[in-house]
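What follows draws every value from the coordinates through simple rules; no lab data is involved. Keep in mind that what you see is a predicted model, and the values were worked out from it rather than measured. Using ideal geometry, Cβ is built from the backbone for each residue, glycine included, and neighbour counts are taken over all protein chains shown.
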2 protein chains.
Amino acid sequence: MEEIGYWGKASSELEKVGASIHDRVRLTKGSLVFEGLLMPPADPADDNHVVVKLDNGYNVGIRLEPGVKIELIARNPSFKPELPEVPVKVKEGLPKVSIISTGGTIASRVDYVTGAVYPALTARDLYNVVPELGDLANIDAHVLFSIFSEDMHPKLWSEIAEAVAKRLEDGVEGVVVTHGTDTMGYTAAALSFALQDLPVPVVLVGAQRSSDRPSSDAAMNLMDAVTVAAKAPFAEVVVTMHGEVGDTYTLVHRGVKVRKCHTSRRDTFRSINSPPLAKVEKGEVVLLSRPHRLRDRERRVSLKAKFEDKVSLVKVHPGFDGSIIDYLAEKGIKGIVLEGTGLGHAPHLSFNSIKRAIDSGVVVVMTSQCIWGRINMNVYRTGVELLRMGVLPGGDMLPETALVKLMWTLGQYRDLEEVKRIMLTNLVGELTERTQHSDYLR
Amino acid sequence: MEEIGYWGKASSELEKVGASIHDRVRLTKGSLVFEGLLMPPADPADDNHVVVKLDNGYNVGIRLEPGVKIELIARNPSFKPELPEVPVKVKEGLPKVSIISTGGTIASRVDYVTGAVYPALTARDLYNVVPELGDLANIDAHVLFSIFSEDMHPKLWSEIAEAVAKRLEDGVEGVVVTHGTDTMGYTAAALSFALQDLPVPVVLVGAQRSSDRPSSDAAMNLMDAVTVAAKAPFAEVVVTMHGEVGDTYTLVHRGVKVRKCHTSRRDTFRSINSPPLAKVEKGEVVLLSRPHRLRDRERRVSLKAKFEDKVSLVKVHPGFDGSIIDYLAEKGIKGIVLEGTGLGHAPHLSFNSIKRAIDSGVVVVMTSQCIWGRINMNVYRTGVELLRMGVLPGGDMLPETALVKLMWTLGQYRDLEEVKRIMLTNLVGELTERTQHSDYLR
C-alpha cells in the first residue's frame, strides 16, 4: 500500500521549509504551538490541513490559514517504523502454507508510533498483524509485487500463476494470494484457467478496510484463507472473504463465478449463478456445494500461464453504434467480449461493425449486463441474427470471466476454430448447464 | 414484436415452391401427409424443420430430410389474425389512463387460430389480452413505435417524452409506457430527467415472457402499472414489474435507481442503492419509501426532451489501456462515463488518455462496476489523482443512470462548468446522500 502525500497548498507550504513526512515540525498559530512528527494527510483530497503526531501520541490536523507558521525542527530521512520482534518458529505438526503478496489493503500493517500504513512484507510482519496465524500453519511469505489492484494486468496474472506453481512444486498444503479487492475477481478467474489440475487449494484474499481501522476485515479474512489453504477438502482456485457484515463467517467462492458487488461493504464478494463453494465458521470449512476437484498432493499442477492482452470488454447501451468495435478491429484486437442486454442482444445499429470484426478474424463473445442468468440467443430475432454472424454465446459466464477466458484461450491456441470450441466448453466450472433460481441476489 | 422467419435450408426449400408463413401447404414423406397452415419456426436457430398447424389444431414440426416433398396448396396473402370483438365502452367514474406502446414482449397478443404473436396495437387489443383492465381505468391506447428495446436510442427517448407530455396536457390520471425489458431501465432514467415536475405518475412496464406463454407476467404487470398510473399518490417516473417469481405482488422502482438484474426471471428489475418506492398487492399501492413528489393534477410538466447521443459508457478492466478513450475523444465524443473498479478507480495505464480527453473538453464521470455502493475517490491515491485530473465522481448513481444523465445534461446545457455542476447535483433522486446497508442485494 502506497502512502498518500500532501498536494496543493499544504505541499507547497511544506516544501518552503523543506519538511517531509515523518520529519519533526513545529506549527505556530498565535499562542498555540504544535510540535511533533509530520504525518500523512488524514484526507488526501484536502490540501488545507497538515497532520502532526504530538509527543503525547495524539494526531492533530492543523488548518493552514494565514498566520500559521511552519518550522522544520529535525529531519528524519532514515525513518523506519519499528515493530516489536516476534520470533517466527516452525511448529511441529502444522501444515505448511505459502502466502504470496501482490498488494492491496490486506497486506499492510500500521506503525503504532506514527500511525502510518506500510506493506506487510515478511512472515514476521504477517504474524505481527495477525498473531493467530501462527496457530494455523507454518507460513512461508513472499512479496511478488505491491500494486493497487486496479493496475493488475494480464502480464502480471502470468507472474502470479508462475509464482504459485513454484510454491506448489515445493510441496505446500495450500497457497494464499493476497490481492487488492478491486480486480480480485478477474485475477481469481485468470488463475483458475492458468493453474489447472491443482493438487491443493489456491486462495485469493483481501480486505475492504485496511488493518489500521478498528473495523478491519483483514485479520479474519486472512485467517480463514489460511484455514482453507491448510485443510479444505477441495483443490480449486477460490476467493475467501467476509460472508456478511459481522465477523461470524467468511464465504469461499469459485474463482470463475465470483464478483465484487459493493464498493465498500465487507461482504462485497458474491458467487453469481452458483452457490458459494463453502463457508468458514469458527475455523471449520463447511461445504455448501460439490467440489469439482478434491485435494490430492500427489497431483501435478498443469501451468498454462499465457494470456493475450489484445482483448476488450465492451458494454453496449442505447446510442451504441459499433464504431468502437470498428476501431478495435482496425488496431488489431484479437477478441471482444460484448456485455449485451438481456438474453444477449446488441443494437442493430452495431451489427455491421460486429459482422466486419468477425469476418476479419476477431472472436466475439456475448455476455449479459444483467449479471445474473444466462445468454439465450434463440428466443428473439436479434439473438438469432447475431448467432448467424458468428457471435459466440457466453452461457452463464460473468462478462469478467468471459473476458479472462478469452484472453487465456487466445494466449493458448492459435487455431480460431479451436479457440471458438474452447470458449463454448466448460473447463473449470465457468459454464454451468443449469442455474438454480435460488442463486439470484445472494 | 417482430415474427421470426425461416432461414438456411428450410427457407430455400420453402422458396422453391413459393410458400410463405400462413400459406396452406402439404408435406409428404412416404405415406405420411401433413397438410395445414405454415407456421413460424419453433426454434429460430434450427433450419432443418418446418412447423405446420394441422386442421385439428395441432402444430407439428417436420424434419426436412431427403424424400420430403413440399407443395403449396393455397396462398394466404391477406392473412389477418382475427380476434373476437370486445366492445370498448367508457365506464363512468373510472380514471382515465393513457397507454403508450413502444414495443417489447408485453405489447403482444396471440392469435389462437395460428399461434402467431402480433403486436397489441389498440385499446381493444389490450382489453382482449387483459380484460380486467376495463375495471381499472378508461384506457386510451397509442402505438408510438414497435421496436426491440435493444434498438432504443436517445433520439427515441425524446419522442417518448414528447408523447407522454402531450397525454399529460390532455389531462389523464397517469401514463403507462409499455417497453421491452432489455433497456427499460435506461428509458426510465431518461424520462425521469426529460419529464420533471410531473403532475401524475409515468409508469414503464414490460414482460419477461410474452402473453402466449402460460407463465406470462404480462397481464399482472400491465394491471398493476395501470393501477399505479390511476391511483398512486406520487408523481414520478417509475418501473412496475414482478416483485418475486410468483404472482403475489409487483414492485414500483424509481426510474433513476432501477436495473435489469437477471436475463430471464420475472423479478429481474431491482432498485439499486435505494428501497423500491412502493409495491402493488391485490390492487392496492403500498408505499415502501417516501415519494419525492406527490400527485397534483394542476402541476404543469416541465418537458426537457433533448439528449446528446455523443456520449459513451466505457467499462475498465485489467489490460484496459485507455486507447478507446483517445479514439472517442478524437472522433468528437462529448462525454464519457467510466465504469471503474471499486470506489472509482481506473488503471494508471489509462491516465494519460483520460487526462487528454478532459483537457480537450470531454466531460468524464466515474461510476463503479460493483453496481452497489458509492464512488469515493478520496480514499486511495488512484482516486485522488483522477479527481485532480477533473474526473467527476458519480456518487451512488448506477453507471446506466450516469450515462443517461450525462446525455441529458449535455443536451440541455452548453456551458461546460454548468454541465459539471449539474452532474454533481441531485435532480430527481438519482444521487442520494446516504445509502442504507439493507439496500444491498435485494
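Once the piece of chain linking residue A:321 and residue A:287 is laid out straight, how much longer is it, given 0.36 nm per residue of separation minus the C-alpha distance between them?
On the way: separation 34, 0.36 × 34 = 12.24 nm, distance 4.60 nm.
Contour length minus the Cα-Cα distance gives 7.6 nm.
Okay, helix-only estimate at 222 nm for chain B: each DSSP H run of n ≥ 4 adds -39500 (n - 2.57), divide by all residues, round to 500 deg cm²/dmol; what do you get?
Working: 11 runs with 111 residues, N = 442.
Only helices count here, giving -7500 deg cm²/dmol.
Give the lysines whose C-alpha is closer than 22 Å to that of residue B:53, dropping any in the same chain fewer than 8 places away, or say none.
Cross-link targets: B:9, B:16, B:29, B:69, B:80.
Computed FRET efficiency, Cβ-Cβ of residue B:331 and residue A:310, R0 25 Å: what is it to the nearest 0.05?
It comes to 0.75.
With charges set only on the Cβ (+1 for Lys and Arg, -1 for Asp and Glu), what does the dipole of segment B:8-74 come to about its Cα centre, in debye to the nearest 20?
Numbers: 8 positive and 10 negative charges, 34 e Å.
Using only the charged Cβ atoms, the result is roughly 160 debye.
Can you give the average number of partner chain beta-carbon atoms within 10 Å of each beta-carbon in peptide A:150-160, as a whole number? Please list the in-between numbers first.
Working: counts 18, 8, 5, 6, 3, 2, 1, 2, 0, 0, 0.
That average works out to 4.
R0 = 56 Å: FRET efficiency of residue A:94 with residue B:155, Cβ-based, nearest 0.05? Provide the component values of the computation, followed by the final result.
Working: r = 66 Å, r/R0 = 1.19.
Efficiency for this residue pair is about 0.25.
How big is the charge dipole of the protein assembly as shown about its Cα centre, in debye rounded to the nearest 20, if each Lys and Arg gets +1 on its Cβ and each Asp and Glu gets -1 on its Cβ? Provide the component values of the computation, followed by the final result.
Values: 106 positive and 112 negative charges, 15 e Å.
The calculated dipole for the protein assembly as shown is roughly 80 debye.
Calculate the all-directions average of the projected area of the protein assembly as shown's alpha-carbon convex hull, and give it in nm².
Details: hull surface 167.9 nm².
Computed as one quarter of the Cα hull surface, the answer is 42.0 nm².
What Kirkwood radius, in Å to one decimal, follows from the Cα pairs of chain B? Let's see the in-between values first.
Details: mean 1/r = 0.0418 Å⁻¹.
About 23.9 Å, per the Kirkwood formula over Cα pairs.
Restricting to lysines 8 or more places apart or on different chains, can you count the pairs in segment B:311-423 with Cα atoms under 19 Å from each other?
10
Starting from the Cα of residue A:9, step 7 Å toward the Cβ, then list every residue of segment A:26-52 with an amide N under 18 Å from that point.
The answer is A:27-30, A:41-52.
About its Cα centre, how strong a charge dipole does chain B have in debye, to the nearest 20, once Lys and Arg get +1 and Asp and Glu get -1 at the Cβ?
Values: 53 positive and 56 negative charges, 175 e Å.
Using only the charged Cβ atoms, the result is roughly 840 debye.
Using the Cα gyration tensor of segment B:194-287, with a ≥ b ≥ c the square roots of its eigenvalues, what is the shape: rounded (a/c below 1.5), prolate (a/b larger than b/c) or oblate (neither)?
Details: a/c = 1.75, a/b = 1.40, b/c = 1.25.
Judged from the Cα gyration tensor, segment B:194-287 comes out prolate (a/c at least 1.5, a/b above b/c).
Say a label goes 7 Å from Cα toward Cβ at residue A:414 in every copy; what distances in nm does this one have to the rest, shortest first?
Nearest to farthest, the other copies are at 5.9 nm.
What fraction of the Cα pairs in segment B:8-74, stated in percent, has a spacing above 14 angstrom? All intermediate terms of the calculation are to be shown ahead of the outcome.
Numbers: 1140 of 2211 pairs.
Result: 52 percent of Cα pairs exceed 14 Å.
Along the positive direction of the dipole of chain A (beta-carbon charges: Lys, Arg +1; Asp, Glu -1; about the Cα centre), which of A:322, A:426, A:54 reaches farthest?
It is A:426, whose Cα lies furthest towards the positive end.
For residue B:5, go 7 angstrom from Cα along the Cα-to-Cβ vector, then report the distances to that same point in the other copies in nm, smallest first.
6.8
So if I take the centroid of the Cα atoms in segment B:253-306 and the same for segment B:351-411, what is the distance between those two points in Å?
26
Given R₀ = 22 Å, FRET efficiency for residue A:427-residue A:388 by Cβ-Cβ distance, to 0.05? Intermediate results must be reported in sequence, preceding the final value.
Details: r = 26 Å, r/R0 = 1.19.
About 0.25, to the nearest 0.05.
What would the Debye formula give as log10 I(q)/I(0) at q = 0.16, 0.22, 0.23 Å⁻¹ for the alpha-carbon point model of segment B:311-423, no solvent?
Result of the Debye calculation: -0.63, -1.27, -1.39.
In degrees, nearest 10, range 0 to 90: what is the angle between the Cα axis of helix A:154-170 and the longest Cα principal axis of chain A?
So the inclination is approximately 80 degrees.
Between residue A:244 and residue A:28, 0.36 nm times their residue separation minus their Cα-Cα distance comes to what? Write out the running numbers ahead of the final one.
Values: separation 216, 0.36 × 216 = 77.76 nm, distance 4.70 nm.
Answer, rounded to one decimal: 73.1 nm.
After finding the eigenvalues of the alpha carbon gyration tensor for segment A:96-303, what semi-axes result from the square roots of 5 times each, listed largest first in whole Å? Could the numbers behind the result be given before it?
Numbers: eigenvalues 105, 70, 57 Å².
Semi-axes (√(5λ), whole Å): 23, 19, 17.
Once the dipole of segment B:8-74 is set up with Lys and Arg at +1 and Asp and Glu at -1 on Cβ about the Cα centre, which of B:67, B:8, B:41 lies farthest towards its positive end?
Of the listed residues, the answer is B:67.
Under a 5 Å amide H to amide H cut-off, with H placed in plane at 1.01 Å, what residues pair with residue A:197 once short-range neighbours are removed?
Counting only residues 5 or more places away or on other chains, the set is A:302.
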